[in-house]
1. A:Lys208 to A:Glu419: FRET efficiency via 1/(1 + (r/R0)^6), r the Cβ-Cβ distance, R0 45 Å, to the nearest 0.05?
2. For the Cα atoms of chain A, what angle does the longest principal axis make with the long axis of helix A:365-374, in degrees from 0 to 90, nearest 10?
3. Dipole of region A:102-220 (Lys/Arg Cβ +1, Asp/Glu Cβ -1, origin at the Cα centre): which of A:Val149, A:Gln187, A:Ala176 lies farthest to the positive side?
4. Fewest Cβ neighbours within 10 Å first, please rank A:Phe74, A:Phe67 accordingly.
5. So what is the relative contact order of region A:182-341, in percent, for Cα pairs below 8 Å that sit 6 or more residues apart?
6. Summing +1 for each Lys or Arg and -1 for each Asp or Glu, what net charge is found among the other residues whose Cβ lies under 14 Å from the Cβ of A:Gln347?
7. Taking 7 Å along the Cα-to-C-beta vector as the label spot, tell me the A:Ala172-A:Thr405 distance in nanometres, rounded to one decimal.
8. Based only on the alpha carbon positions, what is the Kirkwood hydrodynamic radius of region A:50-202, in angstrom?
Amino acid sequence: MSYQTPRGTYDILPDEVAKWHEVEDIIRRTCDRYRYKEIRTPYFESTDVFAREGDSSDMVNKEMYTFNMGDGSFTLRPEGTAGAIRAFDQHKLYGSMEMPAKLYYMGPMFRHERPQKGRQRQFTQFGIEAIGITNPEIDAETIALGVDVAKALGISSVKVAINTLGDDESRAAYRAALKEHFAPHIQDLCPDCHRRYEQNPLRILDCKVDHDHPALLSAPKLSDYLTDASREYFNRVLNSLDALGIDYEVDDRLVRGLDYYTHTVYEVISTRPESGSQATIFGGGRYDHLVEYFGGPEVSGIGFGMGMERLIMLAEAEGYQFSGGRGLDAYIIGLGNVGSAPLGVAQKLRAAGYTAETNFIPRSLKAQFKSAERNGAKYIIIIGEDECAAGTVNVKRPNDKAQVTVPAAEIAELITKWEEE
RNA sequence: GCGGCUGUGGUGAAGUUGGUUAACACACUGGAUUGUGGCUCCAGCAUUUCGUGGGUUCGAGUCCCAUCAGUCGCCCCA
């Protein structure tokens, strides 16, 4: 009997962790520059935080990890927005933070989906939310933040696709128009579109099967149903993107899966052909009713979510070199009966800020040299019985094979001197 | 949830129409060189074992069924 990680989950092994630290660090620094503050919410919430009324999609019905321990129904968070808004309302941050409240989060999310590459059941998502002020410049700035993160990881082949869903009035009118338009053609469309017709008519527009169907090509445009205010808002978003120096493409077929989105929606995708179904780097939009749903004021927010596994995959595809973490400064070799002398030397170096490692099991000099080399030691320190008795150590620099003998007490000073050369 | 493909040691992998000792390479361990490594050479390294569990057969890594996992596409994508 052997054990393995559950389907769609994976271990991040020691060799890969440095990569994650680096990505996390880039995200934190970027958010810091934009003055977004981290918020950490529970990994599970009451189920109704995620299963809001009006959502009848597959996500809520089949793709959530929900459990009941006898004190209510709880669900592992499938995304970050709901928890952040819930916290914003619960702690009345609209009273203590200056608006917009600019928040970011980073951590594991859980979705019971069929796994694929870049699509795990437990995955890691970074996201931001700017809550409390409806303003097109904010919408544009969130895109700039996400693009900055991607750029910092060398991801340059990106395309910003953006669209507007308009306000409630615009979207309701468009939805009605779409249903009216497709009603006579519904029999010609694929079975999936039959379901979409009922559940989310906007999704028919990006159907892969019926992509070139005449009824799709002649379908009414959302832009024709926008109110003047909505159109004006969207134009200001686009102008702001110009000001930020961000190229974009308006894609009037870009929609979202949930009903709470209004006005701006966007997706930033990789244009590298091999990225396939993992092309989306991050996607987000504005939501008008979420804050009041959780008991807060009638204000809107905007945010995006970014899958960090994909981010790392894309960074690697673009040739980004991860630093690999800190290397080894000194490897201390002990030969013969030298007791704990190597430990003492290692500790002196660590106290001075260096990384140091010693051999613990009796091994030949050759074997210990191999370990030192494999660990990429910048300095190799040899302590034999003679040195131990004399209170000295041999210090070797593999680069040029220079070697000196110094009193053990002065080891840190010697390394520092060599480091400064 | 649906369909296709894949699954051999630490890694990459070869394994013909089922036939008896699972190739090769790298990595790793030890030695040649018992206090100065990185090269070279030698040796060891899957010993009912080929993701797991059944089945067919005199005999299965090779065929059949189931199952698990990965992967590609669909659905969905908060």
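Read-outs: derived from the displayed coordinates by stated rules, not from any lab. Predicted model, so just to flag it, every value in this text is computed and none were measured. Virtual Cβ from ideal backbone geometry, glycine too; neighbours counted across all protein chains shown.
1. It comes out at approximately 0.15.
2. The helix A:365-374 is inclined about 30 degrees to chain A.
3. Sorting the options by dipole projection puts first A:Val149.
4. In order of increasing Cβ crowding within 10 Å: A:Phe67, A:Phe74.
5. Details: 127 pairs, mean separation 19.8, N = 160.
Normalised by residue count, the contact order of region A:182-341 is 12 percent.
6. Once positives and negatives cancel, what remains is 0.
7. 9.1 nm
8. For region A:50-202, inverting the mean 1/r across all distinct Cα pairs yields 19.1 Å.
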